[in-house]
Amino acid sequence: MLDIIIRLAQDFRAQQKQLYMVGGTVRDVLLHRGKSADADLATDARPEEIKRLVQPTNPSAVILVGERFGTVRLHYGSGEHISIIEITTFRSERYNPESRKPEVCFGTSLEDDLLRRDFTINALACDPLNGHIIDPFNGRRDLEDHILRAVGNEPDKRFDEDPLRLLRAVRFAAQLNFSIEPETWHSIKRQASKLQKISRERVRDEMNKLLLSTHPAKGIELLVESGLMEYIIPEALELRGVSQQQQTRVPASKDVFAHVVRVVERSSPRLVTRWSALLHDIAKPRTKTVEDNKVHFYGHEDLGAHMAREILKRLHFDRDFIDSVSRIVRLHMRANAYTSDWTDGAVRRLMLDAGDDLPDLLDLSRADITSYRVDKVAKAAARVAELGERCQQLKEEAERVPLKSPLDGNELMALFKRGPGPWLRPIKEHLLSLVIDGQLAPDDKEEAARIARAYVASEHQEQVNKE
C-alpha cells in the first residue's frame, strides 16, 4: 500500500500537484493501530485530473464516488486482497444550518482542508515522500494525551457545520478509549438536539461503528450522559434506575441499564450480537411488576422483540438484520432457561426457531450473566457450552437423518384415499412435531400411519362433538 502511495505522490508532484495522506490514515499510523487496507489522500487536483494522474499505477478500478464531493476511489488487487485508496480534492465548505448535509466546494489549500475537519486528531496530514507531518492544530499532542478535541476555538461551530460530528465524537471516544476535552464535551451536550437533522442512515452507520468498537460500554454511557441517546434510541433512557430486585439498596449490576451495558461489553463484536445485547431487555421498564416482594418482567422478551423491530426500522436497517435481532431478543429467555434435563426435542425446537441466528443467540446467553461472582459466571458459561455442544450433536445427527415427516403428501393421500387439499398440512405438522420431540423415527412409516389414522379420527370426533 505505501509503495503505491509513494508512486502516486511522485506522479502528482511531477505534474506540480500536491498529494498528502490525511485524517484517520495518519492518525492510525501515529497510534500504531496496525496496517489498513484503506488509505485517505488529499490533493489540489480536481477529479478529472486525479483520474488521469492515477492511470500509470494501474488500479483495477477507478470510481468517482461523488462529483460534488470530489472523491475518486481506487482499487488495487482483487478478491480478499483488495486495497482501497480514496483521493479527495482539497475542500472548503459552506454550511446551511437547515440542511441535513454540508455543502461542499473545492479548495486549493491543505491548511484550509484540515481546518474544515472535525477533531484535531483527524486534522493531520503526512507528506508520503519525506514523512513530514503537517499538524496545524496540535493533533499529535492530543493523540499522546488521549484527548478528543474539536478543531479551532469554537467547538459549537464545528458541530453546527455537521451535527453528525456530535455522534462521531462519542464513537471515536469508544474506539480509541479517549477522553473528550471539556469545552468540546459541553458543546456536544448543548447541541445534542441538532442530531435530529441528520439522516437516520448516517446515524445508523455511526452507531454500528460505536457498537463494534473496543469500548462499546463507554460509548453507550457517553450517549446517555451527553443527551444524544434521546435522539437515537430514546427507549434506552427508560432502562436507567429500573431495579431488577425489590430491595432498598440495589447493586449497580441489578440496574437494567448497567446490566445491558455490561452485556454489550461482554458480547462478541458482531453487529447482530451487539445490537441484540443492547436491545434484549429494552421492554423491561414497560413490563415490570412486583408480586410478593419479587420483581417480574413477564413477557418482556415478546414486547422487546416488537420494540427492537420498531427501533431498527427507524434506523433504516434491512429486513434480514431486523428479523435476526428481533428473533434473538424474542428467544433469549428460552436460551437462558436451558438446563441439562431438557429433552432433545426441546433443544431441537430452539434450534429450529433460532435458525441461522443460533450462534448469536448462544453468544448473547453467554454474555447475559453479569454477576460479579466468579462461580456464578463460570456455571452460566458451562451451561451455555453444554447447550452449544448438544446443538452441534443434534445438527450432525440431523445431517445424517433429516428431520421430516415419515409420510409425505402422496403417501398420506394414498393412505386416506383422498385428493390434495389443506387437510394434509396439520397431519404432516403433527408427525413432524413427534419426530422433533424424538417420539417418532423419521423413517418409521408404519408407526406414522397408525398415528396419522388416530389423529384424523380424533379430529373427526372433535368436529362431531362441536356440531
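Tabulated values for the structure
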{"read-out": "Selected residue (only one of 362, 278 is in a helix (DSSP H, G or I) and touching a Pro at 6+ places or on another chain (Cβ under 9 Å))", "value": "278"}
{"read-out": "Filter pass, residue 27 being touching a Leu at 6+ places or on another chain (Cβ under 8 Å), crowded, with 18+ Cβ neighbours inside 10 Å and among the charged types (D, E, K, R)", "value": "yes"}
{"read-out": "Considering residues of region 30-60 that are farther than 20 Å from residue 172 by Cβ and among the small types (Gly, Ala, Ser) only, the residue surrounded by the most Cβ atoms within 10 Å (Cβ to Cβ)", "value": "45"}
{"read-out": "Qualifying helices (runs of 4 or more DSSP H) (wholly inside region 99-199; at least 3 residues being over 22 Å from residue 222 (Cβ atoms), of a type in the set (Asp, Glu) and more than 25 Å from the chain's Cα centre (by Cα))", "value": "110-115"}
{"read-out": "Residue check for residue 405: closer than 18 Å to residue 349 by Cα, of a type in the set (Ser, Thr, Tyr) and touching a residue at least 24 places away in the same chain (Cβ under 8 Å)", "value": "yes"}
{"read-out": "Residue among 306, 316 that is within 19 Å of residue 233 (Cα to Cα) and part of a loop (DSSP other than H, G, I, E, B)", "value": "316"}
{"read-out": "Condition broken by residue 312, with the remaining ones in (1) more than 16 Å from the chain's Cα centre (by Cα); (2) of a type in the set (A, V, I, L, M, F, W, C); (3) within 16 Å of residue 276 (Cβ to Cβ) satisfied", "value": "(1)"}
{"read-out": "Pick from region 436-450, criterion part of a helix (DSSP H, G or I) and of a type in the set (Gly, Ala, Ser), ranking: surrounded by the fewest Cβ atoms within 10 Å (Cβ to Cβ)", "value": "449"}
{"read-out": "Single condition residue 328 does not satisfy, out of (1) more than 26 Å from residue 436 (Cβ to Cβ); (2) in a helix (DSSP H, G or I); (3) among the β-branched types (Val, Ile, Thr)", "value": "(1)"}
{"read-out": "Index of the failed condition, residue 92 passing every other in (1) surrounded by fewer than 17 Cβ atoms within 10 Å (Cβ to Cβ); (2) outside any strand (DSSP E or B)", "value": "(2)"}
{"read-out": "Given (1) out of contact with any Phe, Trp or Tyr (no Cβ under 6 Å at 6 or more places or on another chain); (2) over 15 Å from residue 391 (Cα atoms), index of the condition residue 325 fails", "value": "(1)"}
{"read-out": "In region 281-303, the residues that are in a loop (DSSP other than H, G, I, E, B), within 26 Å of the chain's Cα centre (by Cα) and not hydrophobic (A, V, I, L, M, F, W, C)", "value": "281, 299"}
{"read-out": "Candidate set from region 392-435 (those that are outside any loop (DSSP other than H, G, I, E, B) and of a type in the set (Val, Ile, Thr)); member that is farthest from residue 352 (Cα to Cα)", "value": "427"}
{"read-out": "Failed criterion for residue 382 (all others in (1) under 30 Å from residue 261 (Cβ atoms); (2) surrounded by 12 or more Cβ atoms within 10 Å (Cβ to Cβ) hold)", "value": "(2)"}
{"read-out": "Filtered residues of region 416-431 (kept if touching a Leu at 6+ places or on another chain (Cβ under 9 Å) and either crowded, with 16+ Cβ neighbours inside 10 Å or among the aliphatic types (A, V, I, L, M) (or both))", "value": "424, 427, 428, 431"}
{"read-out": "Residues located in region 114-132, provided they are farther than 12 Å from residue 169 by Cα, among the hydrophobic types (A, V, I, L, M, F, W, C) and surrounded by 16 or more Cβ atoms within 10 Å (Cβ to Cβ)", "value": "114, 115, 123, 124, 125, 126"}
{"read-out": "Flag if residue 74 is modelled with pLDDT of 95 or more and within 29 Å of the chain's Cα centre (by Cα)", "value": "yes"}
{"read-out": "Test: residue in region 401-415 that is loosely packed, with under 12 Cβ neighbours inside 10 Å and within 30 Å of residue 363 (Cβ to Cβ)", "value": "yes"}
{"read-out": "Complete set of residues in region 269-298 that are touching a residue at least 60 places away in the same chain (Cβ under 8 Å) and surrounded by fewer than 16 Cβ atoms within 10 Å (Cβ to Cβ)", "value": "270"}
{"read-out": "Per-region count, region 6-15, residues assigned to a helix (DSSP H, G or I) and either outside the structural domain of residue 48 (by TED's automatic domain parsing) or surrounded by fewer than 21 Cβ atoms within 10 Å (Cβ to Cβ) (or both)", "value": "6"}
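Here is a yes/no grid of residues against (1) closer than 18 Å to residue 119 by Cα; (2) assigned to a strand (DSSP E or B):
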residue: 17; (1), (2): no, no
residue: 25; (1), (2): yes, no
residue: 45; (1), (2): no, no
residue: 50; (1), (2): no, no
residue: 59; (1), (2): no, no
residue: 64; (1), (2): no, yes
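Listed here are the residues, each with its yes/no results for (1) free of Cβ contacts under 8 Å to residues at least 12 places away in the same chain; (2) closer than 23 Å to residue 372 by Cα; (3) touching a Lys or Arg at 6+ places or on another chain (Cβ under 6 Å).
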{"position": "175", "(1), (2), (3)": "no, no, no"}
{"position": "181", "(1), (2), (3)": "no, no, yes"}
{"position": "199", "(1), (2), (3)": "no, no, yes"}
{"position": "204", "(1), (2), (3)": "no, no, no"}
{"position": "212", "(1), (2), (3)": "no, no, no"}
{"position": "218", "(1), (2), (3)": "no, yes, no"}
{"position": "257", "(1), (2), (3)": "no, yes, yes"}
{"position": "260", "(1), (2), (3)": "no, yes, no"}
{"position": "265", "(1), (2), (3)": "no, yes, no"}
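The values are calculated or read from the model by the stated rules, or taken from the named source; none is laboratory data. Everything numeric here is computed off the predicted structure, so don't read it as measured data. Here the Cβ is made from the backbone with ideal geometry for all residues, glycine too, and neighbour counts use every protein chain on show.
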